[in-house]
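All remarks here apply to the structure that follows.
The values are calculated or read from the model by the stated rules, or taken from the named source; none is laboratory data. Note that the coordinates shown come from a computational prediction; the quantities given were computed from them, not determined experimentally. All Cβ positions, glycine included, derive from the backbone under ideal geometry; neighbour counts span all protein chains shown.
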Amino acid sequence: MDDTLIGRGLKRTPLPRFLLWLVPWAALLALGLYAVYLCFAVGLNQTNMDNRFAFGLWIYLDLTVIALGAGAFFTGFLLYILKKKELKAVINSAVVIGFICYSGAVGILMVDVGQPLRAWFTFWHPNVHSMLAEVTFCLTLYLSVLAIEYAPLVLKNRRLKEVPGLLVLENQLHKVMVVFAGIGTLLSFFHQGSLGGLYGVLRGNPFAFREHIGIWPTTFFLFILSAAAVGPSFILLTTWLVGKVSKKRLVSPEVFQTLAKISGWLLLVYVVLKGIDSLVWINSTSPKTGVQVSSFYAHPPFGTWVLFAEVVLLGLVPAVMLLSRRVRARTGLLVLAAAMACAGVVLNRYIMTIQTLALPSLPFDSFLSYSPSWQEIAAFLAVLGYGVLLYSISFRWLNLFPEERELATKG
Amino acid sequence: MHTSKHTTSLPAHRYTLVVDLDRCTGCGACGTACAVENNIPPAAEKATERTGTVWMRVHEAAAAGDGPSTFVPIPCQQCDNPPCVDVCPQRAIEYDPRTGIVAQIPVRCLGCRYCMVACPYHTRSFNWWTPEWPEGMKATLNPDVSIRTRGVVEKCNFCVQRLQAARAKASAAGQAEIDPADYVPACVEACPSRALSFGDAADEKGEVARLAKDPESFRLLAGLGTGPKVLYRSSDPAVRERLSRTGVTRG
Amino acid sequence: MLPGNTDFILDPANVIFLGAFALVLVTALGTLAFAIVSARRAVARGQAASILWHEEFEELPASARSCRHALTGELPGRHCERAFDCKGCETHARLVADAKPLPSIDTGGFFVLADRLYHRGHAWLKQEEDGTVTLGLDDLATRLVGKSDTLDLPAVGERLAENGPAFRLKAGKARVRVVSPVSGEVVETGGLGRGFLLRVRPDGPLDTRALLSGREAAAFLSRELDRLQLAISGARGVPALADGGLPVDDLSKAIPEEDRDRVLGEMLLEA
């Protein structure tokens, strides 16, 4: 059964070993599902969030995985719209990773809200001025688009494609994929942006609030750009990791070069714009409300080092590294640079979600701390478990890397 | 698309609460009266200061030196330019353009808590637990206020049900406007030291309008431009200086 | 949300926001519906086999896609762009028109029989006097089938499509289909020992322009032997035999079990 599902010419580990590999991830998923059950059955009192720290680990996770999952839309955009053919080698993997990230985020979001059964209210009574309404609309639609993009990979499974109708459907879907790539790009632009907008519009919070360009705060544009910049880096990182774990050559080296160059350039533009935005915020936006920016960095551990780490150490440095031919020539350094770029965005999302809430606002407030409960951590890890499970299964039974077979035959 | 200014045309009535900090003893009667009036359930066994449901919080602000603390009752500030209304994805928060009252609609609330993040005054409560009343207490519930379910956000709405009742009374008597004496929130009614006063700031001759212009009155976080309709007063310049600041200078 | 609903607010922001999303939703659903409808239509029209063959062909390695005129040396290095459909190929038509009579058959270790035509999926076709055709495996493919392997033949009455699966080969864990050189109805099944595998009544007049014979077929088989050797040695980085030669009598023995599925797929043009 298992043998007939594995693509022709692809070497995969024996089934028992594969199942053994899945066990710990399935255990993580099971523990997380139990935590989710507790949250549904007993309530969100199972978390350590409270009326002051109303968003916690989960929102941070949502923002982070959606930024990292941007590789799916951006690779699709580069391949189908800008015709960067070499990225065909990673598009399937990018779609699976995107699907994992987005479905994980939507899943966690459904646990995070107090009344998940009312989620459809947003569609029926939308407040079009709310960034969260925009996020909800775009995210739901884009997850559906990702599912449609995932479908051809599944239909091309060795066993399924023996049903002629399914493979014909795959063929037809493939022909219209450019439309879905276009829609995916449009939707991603808006929801990546709106996720940034979530915080940039907070008029009551001078730490998060930013100047507006038209109807959108600058964070709207910075989130789009940073997500597009690290998307390819994350694809590079995951492809390298999957290659290491499976001990296989999955893509030709040129693919890494292309991903790194695109990531590097976008990251550089992002860092410059983020720098300008920070200067405007430090010198104008925040002081106008009567709050000096220095006060935001007076609460350890959030010193000015976080700004430096975010913009320079994990922004400018990896951008320059990714653009340097000498760094790119050495896989170790290249992967390090990609990891640093991803870490920069992970830190940015952390600052946005956590520091924003930890800082005091009323004159007699104090700095708040919050540490997630085991239920929150378990649900968080469940997304990781789910991701590894779905990716492992896809890697085993679907052809995620079209170049793999040829690279294996070359020896 | 994402910024709407409510301040462009101020409502015909602007119901406003004035808190005299010099008079507040921090007794908490306002909060108790509020809970009784608005069907706020007794705190769950494991509820903390930060997870309980409180519409009227009395905060103790310590003085700079060894001076006496100031007690600051903080209900929803009923902003004229509220940062919360626009963030709700499904219009579960309404700014009434006739009264300036910002009301949360719990039956429409998804419980996403974005409004809680958006509010710099921390005046909202999320129902972390299923609300439960001991058997005998159920009979004392206020029939004019619906109870809320677990997983939704709630907050002070200036006892808007009392405004409805006052309107009904006026309407029955054939009057166009309500008698101001008929619309007084529960907290104001309950305050033993008369630290709270309430009225329509749009009524130029009224007491509240006069207090609003008084130099001893100030608003919390005025620098954010939210336009609260809860005013604070103190004759002590040091207290005014300390509490009217926007942002914290030290941790 | 919708106009007419009491909750609908008619203002530019709502119209733009909801209109844009409605547009995106309709485009996505419309495109999906279009793909599903055209897939169903293609299947109903019997185009499934052709579509699948073309898709499969795209994924074959370049070495498997050589033009027949490259095999004979007329157009060295040329690759087929038409999934071996020579019927509409202008290059083929021109070369065939100029062609001199084919010289005698050089078997190169394999038998290429004069009474039959060879498909590049390794099936042969023989026109019988009663208007039917018989199908079989060519000499090279026959020797790839080991003693314990089985052929899954379709039942009498089943329909074959040109370039669609004709029958399947089960060799250990390997499962490979052999493509049919003709469209038609199966009227009789044979076996490896009976001289043919299937007897088929073709749909309409027979068009054999895409099939090879004589010198071309011989060149094809000898090139296929090279490909086989490469396929076997490729994965291991060393030639299967020190002298590079293969035991031509039973080629199935030369293929290691774990490579059999891949090698058979490569030889029988299944991606």
> Residue check, B:C115 against (1) at pLDDT below 95; (2) assigned to a helix (DSSP H, G or I); (3) not basic (K, R), all met but one. Which one?
Replying inline: (1)
>> One residue is enough: does the stretch B:209-218 have a residue meeting the conditions among the basic types (K, R), more than 14 Å from every other protein chain (Cβ to nearest Cβ) and in contact with a strand residue (DSSP E or B) (Cβ under 9 Å, 6 or more places away or on another chain)?
In response: no
>> Please pick out the residue among C:R40, C:R65, C:R78, C:R94 that is modelled with pLDDT of 85 or more, of a type in the set (K, R) and outside the structural domain of C:E162 (by TED's automatic domain parsing).
In response: C:R40
>> Looking only at the stretch C:237-247, filter to residues that are closer than 21 Å to C:S63 by Cα and at pLDDT 55 or above; which one of those is surrounded by the most Cβ atoms within 10 Å (Cβ to Cβ)?
In response: C:L246
> Can we say C:L225 is under 23 Å from C:V112 (Cα atoms), more than 14 Å from chain A (Cβ to nearest Cβ) and at pLDDT below 85?
Replying inline: no
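Applying the selection to the stretch B:46-60, what residues are under 16 Å from B:C27 (Cα atoms), touching a residue at least 60 places away in the same chain (Cβ under 8 Å) and β-branched (V, I, T)?
If we filter the stretch B:46-60 for residues that are under 16 Å from B:C27 (Cα atoms), which is where we start, we get B:54-60.
Next cut, touching a residue at least 60 places away in the same chain (Cβ under 8 Å) only: B:54-57.
Of everything in the stretch B:46-60, just one residue is under 16 Å from B:C27 (Cα atoms), touching a residue at least 60 places away in the same chain (Cβ under 8 Å) and β-branched (V, I, T), namely B:V54.
Here's the yes/no breakdown for (1) within 9 Å of another protein chain (Cβ to nearest Cβ); (2) in contact with a strand residue (DSSP E or B) (Cβ under 6 Å, 6 or more places away or on another chain); (3) not in a helix (DSSP H, G or I):
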site	(1), (2), (3)
A:P126	yes, no, yes
A:A133	yes, no, no
A:T136	yes, no, no
A:L141	yes, no, no
A:V145	yes, no, no
A:Y150	no, no, no
A:G165	yes, no, no
A:E170	yes, no, no
A:L173	yes, no, no
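In the list B:V72, B:V102, B:V117, B:V87, which residue meets the criterion of being buried (at least 20 other Cβ atoms within 10 Å of the Cβ), in contact with a helix residue (DSSP H, G or I) (Cβ under 9 Å, 6 or more places away or on another chain), within 19 Å of B:L17 (Cβ to Cβ) and within 11 Å of another protein chain (Cβ to nearest Cβ)?
Working: B:V102 fails: within 11 Å of another protein chain (Cβ to nearest Cβ); B:V117 fails: within 19 Å of B:L17 (Cβ to Cβ); B:V87 fails: within 19 Å of B:L17 (Cβ to Cβ).
From the options B:V72, B:V102, B:V117, B:V87, the qualifying one is B:V72.
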>> Which condition from (1) over 19 Å from B:R162 (Cβ atoms); (2) away from every other protein chain (no Cβ under 14 Å); (3) surrounded by fewer than 16 Cβ atoms within 10 Å (Cβ to Cβ) is the one that B:A43 breaks?
In response: (2)
> Among the candidates A:F18, A:F73, which residue alone is touching a helix residue (DSSP H, G or I) at 6+ places or on another chain (Cβ under 7 Å) and modelled with pLDDT under 95?
Replying inline: A:F73
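Select from the stretch B:51-61 the residues that are within 10 Å of chain A (Cβ to nearest Cβ) and within 24 Å of B:V188 (Cα to Cα) and list them in ascending order. Walk me through how you get there before you give the answer.
Taking the stretch B:51-61 as the starting set, the residues that turn out to be within 10 Å of chain A (Cβ to nearest Cβ) are B:51-54, B:57, B:59-61.
Hits for the stretch B:51-61 are B:G52, B:T53, B:V54, B:R57, B:H59, B:E60, B:A61.
Kindly check whether there is at least one residue in the stretch A:273-281 that is surrounded by fewer than 16 Cβ atoms within 10 Å (Cβ to Cβ) and not aliphatic (A, V, I, L, M).
Residues of the stretch A:273-281 that are surrounded by fewer than 16 Cβ atoms within 10 Å (Cβ to Cβ), as a first pass: A:273, A:275-276, A:279-280.
Those left that are additionally not aliphatic (A, V, I, L, M): A:275.
Within the stretch A:273-281, one or more residues are surrounded by fewer than 16 Cβ atoms within 10 Å (Cβ to Cβ) and not aliphatic (A, V, I, L, M).
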>> Just to check your reading of the model, which residue among A:V168, A:V178 is of a type in the set (A, V, I, L, M) and without any contact (Cβ under 8 Å) to a residue 60 or more places away in the chain?
In response: A:V168
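Looking at A:S366, A:S371, can you tell me which residue is within 14 Å of another protein chain (Cβ to nearest Cβ), surrounded by fewer than 18 Cβ atoms within 10 Å (Cβ to Cβ) and either among the basic types (K, R) or without any contact (Cβ under 8 Å) to a residue 12 or more places away in the chain (or both)?
Working: A:S371 fails: either among the basic types (K, R) or without any contact (Cβ under 8 Å) to a residue 12 or more places away in the chain (or both).
Only one candidate qualifies: A:S366.
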>> Pairs please, first residue from the stretch C:6-19 and in a loop (DSSP other than H, G, I, E, B), second anywhere and surrounded by 12 or more Cβ atoms within 10 Å (Cβ to Cβ), Cβ atoms under 6 Å, 6+ apart in sequence or on different chains.
In response: C:D7/A:H125
